[in-house]
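J.: Questions regarding the structure given below will be posed in turn.
Readers should treat all values here as calculations from the given coordinates under stated rules, not as data from a laboratory. It should be emphasised that the depicted structure is a prediction, and the values quoted were computed from it without experimental measurement. Positions of Cβ are generated from backbone atoms using ideal geometry, with glycine treated the same way; all protein chains shown enter the neighbour counts.
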Amino acid sequence: LKKGACIVLAMIVFVLVAIGFIRIVCANSILWPDWTGISPIVSDTLGDESPNYDLADCYVTNDSTYLFFKIQVSGTDILKAATRVLLDVDQNANTGDNGSNPNTVDSELIFHDIGADYMLDPVISADLYQWNDIAGWQIVTGIPYSINGNSLELAVLLSDIGGLRQINIVFLSKPPDTDFAPDQGYVTYPRAKPVGGTIVPNDTLNLFTPITLTCLAAAAAGILVGFKKWKRI
Ligand SMILES: [Ca+2]
Ligand SMILES: [Ca+2]
């Protein structure tokens, strides 16, 4: 019986290790975006930290499956383990890590009006964390990452953060006592779209100045008078 139990235990351990291995392999075999033509969502102040911690340009984009992030520092080698991305997916500073809970990643978050519900944390490999008011940040799953010199890319499945919607974002380096991007407040992705309705171009609006309206009214009156005279003939 003991031998049988050992075999079962060994099989369970083998399966768990295999699942972990497959997850790590799968997590990093994704197609990263071509960032050409994408503007930074935030360009942080340069020189407010030592170069490899000093957040510079940060980018966000998405496809139908992933939300992608690219973070650059002003130095030559980004310190992956120091980087965090905070996501306020309900745009509500009262839910999530807003800096006031003892388990906060950084108490200076109180100056950012953000309540981060999820955090991307590449401290060991790269992982998605979810906030819990009692236990603090709890690991959810591994996420893909790619590192190249001063640039770090991270990706999170949209389905793991409740789908694509407008979210508020703050980038951190070396928390606590850290570099933030932006230095205060947050950035929003996707950016707000124009509200509905027809936008009339400026040159079309010029057609409706008071002078043109007066001329049009006079012309209409002239046509009407002319038409009445023509009927009497
Ligand atoms: Ca900076
Ligand atoms: Ca929130």
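J.: On a full-extension model of 0.36 nm per residue, what is the gain between residue 39 and residue 110, subtracting their alpha-carbon distance, rounded to one decimal in nm?
T.: Length difference between fully extended and current span is 22.8 nm.
J.: Work out how much length residue 123 to residue 46 would gain on full extension: take 0.36 nm times their residue separation and subtract the Cα-Cα distance, in nm to one decimal.
T.: 25.4 nm
J.: In addition: Mind giving me the nanometre distance, one decimal, between the label points for residue 65 and residue 135, set 7 Å out from Cα along Cα→Cβ?
T.: My value for the distance between the label points is 2.9 nm.
J.: Mind listing the phi-derived Karplus ³J(HN,Hα) values for the stretch 114-121, rounded to whole Hz, using 6.51, -1.76 and 1.60 with θ = phi - 60°, and x for any glycine or proline?
T.: Going residue by residue, I get 10, x, 6, 8, 10, 9, 9, 9 Hz, with x marking Gly and Pro.
J.: Additional query: On a full-extension model of 0.36 nm per residue, what is the gain between residue 79 and residue 159, subtracting their alpha-carbon distance, rounded to one decimal in nm?
T.: Once the chain is fully extended between residue 79 and residue 159, it gains 26.0 nm.
J.: Using the Karplus equation 6.51 cos²θ - 1.76 cosθ + 1.60 (θ = phi - 60°), what ³J(HN,Hα) coupling, rounded to whole Hz, does each residue of the stretch 132-143 give in order, writing x for Gly and Pro?
T.: Taking θ as phi minus 60°, the curve returns 10, 4, 8, 8, x, 6, 10, 5, 9, 6, x, 10 Hz for the stretch 132-143.
J.: Let me ask something additional. Residues with amide H under 5 Å of residue 137's amide H, sequence separation 5 or more or different chain, H placed in the peptide plane at 1.01 Å from N; which?
T.: 132
J.: Something else: Could you derive backbone 3J(HN,Hα) for the stretch 169-176 from the dihedral phi with the Karplus parameters 6.51, -1.76 and 1.60 (θ = phi - 60°), listing whole Hz in sequence and x where the residue is Gly or Pro?
T.: Once rounded to whole Hz, the list reads 9, 10, 9, 10, 9, 6, x, x.
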